[in-house]
Amino acid sequence: MPQPFAARRVICFPHAGGSPYFFRSWGKALGAFEVHAVCYPGRAERIAESPAGDLIPMAHEIAREAARLMREDARPTVFFGHSMGAIVAYETAVALEGEGITLDHFFASGARAPRLMRPDPAARWDDESIAATLVELGGTDAELLRNPAFVELVMPYIGADFRMLASYDGPRHAPLGCAVTALVGEADPRVALAQAAAWQETTRGPFEVRTLAGDHFYLAQNPPFQIIEGSAAGR
C-alpha cells in the first residue's frame with residue numbers, strides 16, 4: 001500500500017500456501033512503514049498463473065521488482081518472511097546484494113536456517129498429507145479443509161509451494177550485510193529455537209533471535225509489530 005510519507009518500507013513474504021491478504025492489516029498497524037506484500041504465482045491476483053516450481057528463480061523474479069522499487073525510492077527497506085516466506089525472502093536478499101543493494105533489516109520468522117534445509121524428493125505432498133500438516137501448524141481451520149470448493153481452489157498452489165520448498169537445497173551464500181532477526185513461536189511444532197538461532201550464520205551484521213508466545217502461526221494472534229518498529233531501519 002503506497003504511503004509516500006512513511007519513513008520506512010517493509011516487504012512481507014507469505015508462508016507456503018499464503019497470499020498477500022495475510023498481511024492486509026499490517027499497513028494500518030505499522031504506520032511508520034509503507035507495507036508491501038509479495039504475491040506468489042497461482043493465487044490472489046495471480047490466480048490465473050501456474051504456481052512456481054523452483055524457489056530460487058521465483059526469488060530472483062521478486063528481487064528484480066524489489067530492486068526497481070528500491071532504486072526509484074531509496075527509503076530504508078526491511079524484509080519480513082514467514083515460514084517458506086523467510087527462505088524466499090532470504091534468496092531475494094541474496095540476489096539484491098548481488099546487484100549492490102543491501103537491506104536495512106531482515107526478519108526470518110518461523111523458519112529453520114537455510115543451511116538446515118535439505119531436499120526431500122520422496123516427500124508425499126498429496127491433499128491428505130498437506131491437510132494434516134496445515135492443521136498441525138495451526139494456520140488453517142480443519143472445517144475449511146472439509147469444504148470441497150475451498151480444497152479445489154487452494155490445494156493446487158499449496159501443494160506446489162510444499163513441493164517447491166521440499167526441493168530447496170539451501171545453497172551456501174556469502175553472509176548478508178544487514179541486521180538479521182530470527183523469530184519463532186515458543187510452541188512451534190516444526191521449528192526449534194536452535195534451528196531459528198542458526199540464522200546467525202546468514203549475516204555479518206547484528207543478529208538476534210526472539211521467541212514469542214504461540215505456535216507456528218504466532219503472528220496471527222501476536223503480530224511482532226514492536227519488534228519490526230525497532231528494526232535497524234529506524235535507528
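Here the Karplus relation 6.51 cos²θ - 1.76 cosθ + 1.60, evaluated at θ = phi - 60°, turns the backbone of the range 177-190 into coupling constants of x, 9, 5, 10, 10, 9, 10, 8, x, 5, 10, 5, x, 10 Hz, with x for every Gly and Pro. Amide H contacts of CYS12: HIS36, ALA37, VAL38, PHE80, each under 5 Å away and 5 or more positions distant or on a separate chain (H built 1.01 Å from N in the peptide plane; Pro and chain starts excluded).
If the viscosity is 1.002 mPa s and the temperature 20 °C, what translational diffusion coefficient in µm²/s does Stokes-Einstein give for the range 26-118 when Rh comes from Kirkwood over Cα pairs? Before the final figure, lay out each step's value.
Numbers: Rh = 14.1 Å.
D, rounded to a whole number, is 152 µm²/s.
Can you pull the semi-axes for the chain, root of five times each eigenvalue of the Cα gyration tensor, sorted largest first, whole Å? The partial results should precede the final answer.
Details: eigenvalues 138, 75, 68 Å².
Here the semi-axes work out to 26, 19, 18 Å.
Each helix, a run of at least 4 DSSP H residues, gives -39500 (n - 2.57); summed and divided by the residues of the chain, these come to -10000 deg cm²/dmol at 222 nm. Taking amide H as placed 1.01 Å from N in the peptide plane, LEU212 has its amide H under 5 Å from the amide H of VAL184, GLY185, GLU186, each at least 5 places away in sequence or on another chain. Accessible-area rank, largest first, for SER50, SER25: SER50, SER25, with all protein chains present and a 1.4 angstrom probe. Compute the acute angle (0 to 90°) between the alpha-carbon long axis of helix 84-98 and the principal axis of greatest extent of the alpha-carbon atoms of the chain; round to the nearest 10°. Between the helix axis and the principal axis of the chain, the angle is about 40 degrees.
The values are calculated or read from the model by the stated rules, or taken from the named source; none is laboratory data. Nothing here was measured: the structure is a model prediction, and the numbers come from that model. For the accessible areas, the whole protein counts, side chains as well, though only heavy atoms, and no ligand, DNA or RNA atoms are used. Shrake-Rupley method; radii C 1.70, N 1.55, O 1.52, S 1.80 Å.
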